[in-house]
Structures are given as C-alpha cells and as structure tokens.
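See below for the structure under consideration.
The values are calculated or read from the model by the stated rules, or taken from the named source; none is laboratory data. Because the structure is predicted, anything quoted here is derived from the model rather than measured. Cβ placement follows ideal geometry from the backbone for every residue including glycine, while neighbour counts extend to all protein chains displayed. Side chains included, ligands, DNA and RNA excluded: accessible areas come from the protein's heavy atoms. Shrake-Rupley method; radii C 1.70, N 1.55, O 1.52, S 1.80 Å.
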Amino acid sequence: MGGEFRRAVVLMGVILFLGSFPLLCVGRIGISRQRLEVQKHLNRLNKPAVKSIKSPDGDVIDCVHMAHQPAFDHPFLKNHTVQMRPSYHPEGLFDDSKVSSKLKAKTNSITQLWHLSGRCPEGTVPIRRTKHEDVLRASSVKRFGKKKHRTIPKPRSADPDLMNESGHQHAIAYVQGDKYYGAKATINVWEPKIQQVNEFSLSQLWILGGSFGEDLNSIEAGWQVSPDLYGDNNTRLFTYWTSDAYQATGCYNLLCSGFIQINSEIAMGASIFPVSGYRGSQYDISILVWKDPKEGHWWMQFGNDYVLGYWPAFLFSYLADSASMIEWGGEVVNSQPDGQHTSTQMGSGHFPEEGFGKSSYFRNIQVVDGSNNLRAPKGIGTFTEQSNCYDVQNGNNGDWGNFFYYGGPGKNPNCR
C-alpha cells in the first residue's frame, strides 16, 4: 500500500512539473525575444567604431566614420551627398569678442567631459554608445530615445488642466506671428536635482512650425538632465526633432536616422563640463540653429567654433519653409510623487529674482529673419504654468541684449 501511495505522489509531481513547464518556457521565450529585440536595436544604433574613448563619467564615445552614422539608415539618405559646410551663415552673428571684459570674467568657457580622455580623428563623428540598460529603461524599444506626446509649451492656452495634462511644466520666453528662419541663445549651464528617475529637467530653444495638434514640426537643442534616458544625473548637450508632434518621427540626438553630423569634436548626448555653481563660477553655452537659404537644411552651431551638422529639409513639412514660433526656456516633468508637486529643479533650482550667480539665464536671444540676418526678437512674451513653482523674468541691456532669468525649486510652501 505504501509503495503504491509513493508511486502516485511521484506521478502527480511529474504531472504538476510538466504542467508548469509550458509557463516556464513562455516566460523564457518572452525574455529572450525582448533581449533579441533590444540587441537588434543596439546593433542598428551602435555603428562600427574607428576608435573608442572611455569618458570619466562611464560613457563610451565611439568615433564612427562619417558615412556610417545612423542618419544614413534613412531610405531617403542612401545616396545623399554630405554637405560639409553651410552655404551661408546668418549675418550679424553675435561675436563674444565684443562682450565687455567684466562679463567675460564672470562667465567661463565650457567643454565636454570625454575630451579629458581623447579626441576623435578627422572624418569621424563622436557618438555616445547606447547600452543594453539604456534601452531597457524605456517603455518599449520603439519608444526609446523619444519624448512623450504633448510636451510643447503652448502659451496661448490659459487652461491649467490642459497645460498640466502631460505633467510637463515650463518657464519660457517666446515670439510668434512672423516667419522665422532660426534662433540663437547663450544658455547658463547647471546640474538641477531630479526627484524621480522618470522625470527630467532641461533648458533649450524650440523652433516650431505647424499647429499644436498632430502635425507639429519641432527642432530643439540645449542641455538636459534625464536619468531615464542616460542612466545618471549628468548635464548633457542634446538635440531633438519631430515632424508629427512626437508621435512616430524624430528622436533625441543620433538615436534615429535624421540629423547628419559633420563635426568630430562634439558628441550629442555627452556630458557638459564644468557646470555653474551657486554663488560660484558661471558657465554657459551658445546654440544657434538656422535654415540655410540655399539648400534649405536646418543647421546647428555650438559655441563660436563648432558647426555640428544639419537636419535635412525633407524631414519636415512646415519647417521645410519656415518656423512660425520660437521658444527659449526650461521644462521639467512633474510626475506628482506622493500626490504632491515634484521637487525636481528647473535651471539652478532658484527663482529668477535672485539674479546672476544664483539664478539660471538665457542671454543674447536672437532670431534669424527672411534675409538671413540675426536680429533682436520683437514682441517677446513670457509664460509659465505655475509661477510659484518655476518662474521667468525678462530684460534687456547692452552686454546681454534680450535676456531672461528663469527656473525654480518646484515643491516649496507656495507650490504643493
């Protein structure tokens, strides 16, 4: 009797094990499929390198032959001849040599952290290597390197529910009502504290065309802190583009085909070094984006010396002609942790009224007009959803031209 009982127990155990085996297999197949999908995506993004440089912050910068960069995965760029320089620069490009020595003593030059470990050879472009864990942090492989929908500040809307629907908050200056062919600004660089890993803080300019619906065209450039995208809290140079309001097209940096880089010295998505300190040394970067009047491509310049590359005109619908709005300023994600406003900082994390050395600024903001001239913007407006959380104050003087201070701490006794 005891032997039969033992045999029955063993048999039941075998049946239970075999019954659970398909579930184990399905689980393992699901994981291996995801790994395969991630690896295929990494193989698309991480091109063969002529040389690789290990940055002190843990990044690997791959020096990739210019003709092998991700842009040329685009079917429309298969036979594209790279334009090695813009046909025209805007006239009246702001010259830092004209800035007073007093301002020069206050602000300092800036570089990228990976430069401490080496440089890429001529004829290559530096590309930050994407890691397995970078892709896994995204909601899906398809959404990796993309912004969420509805992240553009829309100053004309006064409906607070509409503005907070996406959880994004802004403190910006803007112009609209004309045709714009580019924009420029010198942006103070900080390292704002981020409360939640799914939040970010950035400071950028937006070049916008179309409506704020499904067909919005946008070119964006500036600095950002985004633990979700990069896996750390470093301040990084970034770009973004979309031609359909962040739905299917576009991406950050070189994380899809689109932007064609020609520069071997500056890496999109790499850490900026050093950054400004409260009551300490101040560092800023100059960014210019403009439309080449001959070829129609949108070019980007970093500082006075680095023409980085261009977004080909065919990527866009409205921006194939011109922009209808320019915005400059800060943006954060407020995920409302614990049902309260986030303490993620914008800019320096201090309000505009604290001024130089304490609050973050944009200075010498300019637009490019239809004659390819840089000029002071007319009729500048400012906008913020909750000025008790993040605010903006603009002004004008001889050295800084049109400028504004912006930012704030987020959660505080007046912002909950």
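Quick one: count up the residues across the stretch 248-258 that are buried (at least 20 other Cβ atoms within 10 Å of the Cβ) and in a loop (DSSP other than H, G, I, E, B). Let's see the steps before the verdict.
As a first pass, look at the stretch 248-258 and keep what is buried (at least 20 other Cβ atoms within 10 Å of the Cβ): 250-256, 258.
If we keep only those that are in a loop (DSSP other than H, G, I, E, B) as well, we get 250, 253-256, 258.
Residues in the stretch 248-258 being buried (at least 20 other Cβ atoms within 10 Å of the Cβ) and in a loop (DSSP other than H, G, I, E, B): 6 in total.
If the condition is being open to solvent by 20 Å² or more (accessible area, probe 1.4 Å) and in a strand (DSSP E or B), then the stretch 388-400 contributes ASP391, GLN393, ASN394, GLY395, ASN396, ASN397. Screening LYS104, LYS131, LYS154 for residues that are under 24 Å from THR249 (Cα atoms), out of contact with any strand residue (DSSP E or B) (no Cβ under 6 Å at 6 or more places or on another chain) and modelled with pLDDT under 95 leaves exactly one candidate, LYS154. Quick one: would you say THR239 is in a strand (DSSP E or B), closer than 22 Å to ASP134 by Cβ and of a type in the set (Val, Ile, Thr)? Against the criterion (in a strand (DSSP E or B), closer than 22 Å to ASP134 by Cβ and of a type in the set (Val, Ile, Thr)), THR239 qualifies. Scanning the stretch 43-68 for residues that are part of a helix (DSSP H, G or I), modelled with pLDDT of 95 or more and within 20 Å of the chain's Cα centre (by Cα) yields a total of 0.
Candidates are the residues of the stretch 75-101 that are over 17 Å from GLU295 (Cβ atoms) and of a type in the set (A, V, I, L, M); the one that is modelled with the lowest pLDDT is VAL99. For TYR405, the conditions (1) in contact with a helix residue (DSSP H, G or I) (Cβ under 9 Å, 6 or more places away or on another chain); (2) open to solvent by 50 Å² or more (accessible area, probe 1.4 Å) all hold with the exception of (2). Considering every residue within the stretch 190-201, establish whether at least one is surrounded by 24 or more Cβ atoms within 10 Å (Cβ to Cβ), more than 24 Å from GLN336 (Cβ to Cβ) and of a type in the set (A, V, I, L, M, F, W, C). Within the stretch 190-201 (the criterion being surrounded by 24 or more Cβ atoms within 10 Å (Cβ to Cβ), more than 24 Å from GLN336 (Cβ to Cβ) and of a type in the set (A, V, I, L, M, F, W, C)), the answer is no, since none of the residues qualifies. Counting the residues of the stretch 344-387 that are open to solvent by 50 Å² or more (accessible area, probe 1.4 Å) and either of a type in the set (Gly, Ala, Ser) or at positive phi (or both) gives 5.
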